[in-house]
Amino acid sequence: MIKRIWHYRDLLIIFAWREFIIRYRQSVIGIIWAIIQPLSMMLLFTFVFSIILQVDLSPIPYPLFFYAGALPWTFFSSSLYYAIPSLTNHYSLITKIYFPREILPLSYVVVALVDFLIASLCLVILIIFYRISITWNSIWFIPLMAILVIFTFSVTMFLSALNVYYRDVRAATGFLVQLWFFVSPVMYSIDKIDIKLKLVLFLNPLTFIIENMRRCILEGREVVWWQFILVTAIVLLLFLLSYRFFEYVEKSFADVI
Amino acid sequence: MLSDSQVVLAFKEVWKKYSLHDVTYRSLREDIVRLFKGNGKKLKKGEFWALKNVTFKLFKGECLGLYGPNGAGKSTILKLIASVTYPTIGSVEVNGKVAPLIEVGAGFHPDLTGKENIFVNGTIIGLRIKEIKSRLEDIIAFSELGPFIDTPVKKYSSGMYLKLGMAIVLHSNADILLIDEILSVGDKDFQKKCVKALQGVTKEGKAVILVSHDMNLLRELTNRIIYIEKGEIVGEEY
């Protein structure tokens, strides 16, 4: 598969580049939009949890705590929103010309990754502002991001292919993303949660990824090795299954779309 | 007589079945049964044959015309060649790269400029970014768009769309070009230019398949015309 995508790498680059241009052309503030989504989420949560509810969630300053969670979450949710209808939106290409179809959902994940990198600058500014001391454990952020990308790509591959057959998927996307948000530790931390509930939440790979991203950067905590290996193995397995599924149904895309 | 080594495309007893309905019309039970039994020659309710036992070959440097009424199966043949869909029975063998001329404007994004669309469309039909860069001047010159090349294509007329699309396809490095019902949109001069360019392309050893309702155009351009009706080849003319 990597060979197949590598062969069509120019197409992937062009698709991602095109999407990036289209998204921000004829818009006044352009790429600042990439920052606005996680930023407004952070502001809202900070307001709600420090002024309205006054809950003690974490020793970390709230703006940092929420932004660090909103960042990977925005990457995941915006990938899903754009990538799931990507195959059906390119109806005219899919019925006319051959190229590896997974490039379409993948290109939206790539664009979301670029947005993520831009929005990360804001996290760096917050870290400097709050004088958080960075440790070597921050490097964990990179492998965590890698499995987040693979996981996101697997989910979008599976759902975008299913959407070619059943448009119910697209209709359910908003709802699905909303539910998924509440079972991901964006506006809470699983630190103080009861162990039984923790195990249930860990069924969602995002729980492990988002929680640890925040811990390794803001608290300088280490990621538990065996947990990391286990989650990586699960994510890779999901990826393999989702790719097999995609490969199997892809041949009839043009006939059923 | 042409030898088999010069065959770039071979259809062998190709049958293609289509359903008249959406997937949601099918029952899951039937799908599962089909999974085990495989696709037979039998038609179920709501299905029809888009192609019936189609066999032909295409040789290097040949320009083949497909002629037939709407719904005869011409576009299905192009889709099979482009590997967009697969035959129900029989086989399609392609030796080389295929570049279809996507319907006027279909591959273009309205918000992108002409030049940007050259890159998008060019990579879609299999060119490398590097190759497009080196051919960019030629493509723009051929398209006759001049100063409009940096304008978003949503402001183009349909003639300009066509010229740009045609210019990209003619500069591709594919071995088989598929051109569907398209030359009729441009003005007379541009048509002549395309005809000339197509003749040049076949001289280079590439093969062209042209679909059209215009019999005069086909006779002028092609070496061979295949007549299709209701999914079957009903005649051939040299």
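Nearest 5 percent is fine: what portion of the DSSP beta bridges confined to the protein assembly as shown is antiparallel?
55 percent
Among A:Phe129, A:Phe49, what is the fewest-to-most ranking by other Cβ atoms within 10 Å?
Numbers: A:Phe129 11, A:Phe49 19.
The order, fewest Cβ neighbours first, is A:Phe129, A:Phe49.
As a check on your grasp of the helix formula, calculate [θ] at 222 nm for chain A: sum -39500 (n - 2.57) over DSSP H runs of n ≥ 4, divide by the residue count, round to the nearest 500.
Calculated mean residue ellipticity at 222 nm is -22500 deg cm²/dmol.
Counting only C-alpha contacts under 8 Å and six or more residues apart, can you give the relative contact order of chain B as a whole percent?
Relative contact order, chain B: 29 percent.
Taking the Cα centre of chain A as origin and charging only Cβ (+1 Lys, Arg; -1 Asp, Glu), how large is the dipole, in debye to the nearest 20?
It works out to roughly 360 debye.
Could you list the trypsin sites (Lys or Arg not before Pro) in region B:198-238 that lie in coil according to DSSP, counting only those with at most 15 other Cβ atoms within 10 Å of their Cβ?
Qualifying residues, ordered by number: B:Lys230.
Mind checking the mean number of beta-carbon atoms from other chains within 10 Å of the Cβ atoms in A:96-103?
Mean inter-chain Cβ contacts per residue within 10 Å come to 6.
So if we plug the beta-carbon distance of A:Ile193 and A:Ile22 into 1/(1 + (r/R0)^6) with R0 = 60 Å, what FRET efficiency do we get, rounded to 0.05?
After rounding, the FRET efficiency stands at 0.90.
Can you put B:Tyr86, B:Tyr161 in order, fewest other beta carbons within 10 Å first?
Fewest to most other Cβ atoms nearby, the residues stand as B:Tyr86, B:Tyr161.
Applying 1/(1 + (r/R0)^6) with R0 = 30 Å to the Cβ-Cβ distance of B:His213 and B:Asn53, what FRET efficiency is obtained, to the nearest 0.05? Let's see the in-between values first.
Details: r = 24 Å, r/R0 = 0.80.
According to the calculation, E is roughly 0.80.
Extending each Cα 7 Å along its Cβ direction at B:Asp138 and A:Tyr243, get the distance between those two points in nm, one decimal.
Calculated label separation equals 3.6 nm.
Only sites in a loop by DSSP and with at most 14 other Cβ atoms within 10 Å count here; which trypsin sites (Lys or Arg not before Pro) in region B:112-173 make the cut?
Working: sites: B:Lys115, B:Arg128, B:Lys130, B:Lys133, B:Arg135, B:Lys154, B:Lys155, B:Lys163; in loops: B:Arg128.
Of the trypsin sites (Lys or Arg not before Pro), the ones in loops of region B:112-173 whose Cβ has at most 14 other Cβ atoms within 10 Å are B:Arg128.
Could you work out the helix-only [θ] at 222 nm for chain B, with each DSSP H run of four or more residues adding -39,500 (n - 2.57) and the total divided by the number of residues, to the nearest 500 deg cm²/dmol?
-10500 deg cm²/dmol
Which entries of B:Lys57/B:Lys154; B:Lys133/B:Lys155; B:Lys133/B:Lys193; B:Lys12/B:Lys163; A:Lys3/B:Lys154 have Cα-Cα distances beyond 32 Å here?
Numbers: B:Lys57/B:Lys154 39 Å; B:Lys133/B:Lys155 24 Å; B:Lys133/B:Lys193 23 Å; B:Lys12/B:Lys163 35 Å; A:Lys3/B:Lys154 36 Å.
Too far apart for the 32 Å limit: B:Lys57/B:Lys154; B:Lys12/B:Lys163; A:Lys3/B:Lys154.
Per residue of A:246-256, how many C-beta atoms from partner chains lie within 10 Å of its own C-beta, taken as a mean?
Counting Cβ atoms of other protein chains within 10 Å of each residue's Cβ and averaging gives 3.
At 0.36 nm per residue, and after removing the present C-alpha to C-alpha distance, how many nm does the segment from A:Asn137 to A:Tyr81 gain when stretched out fully?
17.0 nm
Where a number appears in this text, it was derived from the coordinates with a stated rule and is not lab data. Computed from a predicted structure; not experimentally measured. Virtual Cβ from ideal backbone geometry, glycine too; neighbours counted across all protein chains shown.
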